[in-house]
Every structure is written in structure tokens, then in C-alpha cells.
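Engineer: Pasting a structure here, questions to come.
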Amino acid sequence: MEPLPYQEDMPFEKNFSPAEAAITSRSLADLVWRLEWRSPEGRHTEELFTQLNVWRDLDCCPPPLVRDLPGKRPGENLSYQFAPGEQAAYYG
């Protein structure tokens, strides 16, 4: 199967070498956000699948993600733990 033709106005490279496959400021990254928490009713898990435009959206992410995401390669995972209310206001 032939790759799609490269267009000059496309912001991303046509072919990726292993070094270029790392996330850069020009990347679109497919992310899975997984939130796990406990309540009096039990343990809960929510998952959200999103695409992140690194140039436009990274500054909206938690500071540890802003620091650690650039340079990651496909399939690499990042995991963080935050105290209640640290990333979102307490609702209760």
C-alpha cells in the first residue's frame, strides 16, 4: 500500500524514522486519560480517549504531563497520582 502523497501545507513529516516518531511540539498525540478513585459506594474508573494537538493544547494539561510528554514514543505510558482537589475542584 502506497503512502498518501505529501502536501506542502501539511504540518507533519511524510515518513517517520524512529527518532522522528517521538512526540514534539508539532505532534498530534492519541491519549487515553484514565481516572481512578474511591468513594463510599466503591472503586470507580473512567476512561476518555482524546487526540491532543501538542502545539495548541499541551499548556492545558497538568504540569507533570507538560514536562514529561515531549519526547515520548508510541506505546509509552505516563502515570500520575494527584491529591483530591489538586486537578479539579472538590465536588461533594
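Engineer: Which residues, taken from region 60-92, are farther than 23 Å from Ala21 by Cβ, of a type outside the set (A, V, I, L, M, F, W, C) and either touching a Lys or Arg at 6+ places or on another chain (Cβ under 9 Å) or assigned to a helix (DSSP H, G or I) (or both)?
Structural biologist: Pro63
So that you can scan it fast, the table gives a plain yes or no per residue for (1) at pLDDT below 90; (2) surrounded by 10 or more Cβ atoms within 10 Å (Cβ to Cβ):
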{"residue": "Leu35", "(1), (2)": "yes, yes"}
{"residue": "Arg38", "(1), (2)": "yes, no"}
{"residue": "Glu41", "(1), (2)": "no, no"}
{"residue": "Arg56", "(1), (2)": "no, yes"}
{"residue": "Leu65", "(1), (2)": "no, yes"}
{"residue": "Gly75", "(1), (2)": "yes, no"}
{"residue": "Ala83", "(1), (2)": "yes, no"}
{"residue": "Tyr91", "(1), (2)": "yes, no"}
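The values are calculated or read from the model by the stated rules, or taken from the named source; none is laboratory data. What you are looking at is a predicted structure, and each value in this text was computed from that prediction instead of being measured. Reconstructed Cβ throughout: ideal geometry from the backbone, glycine too, with neighbour counts over all protein chains shown.
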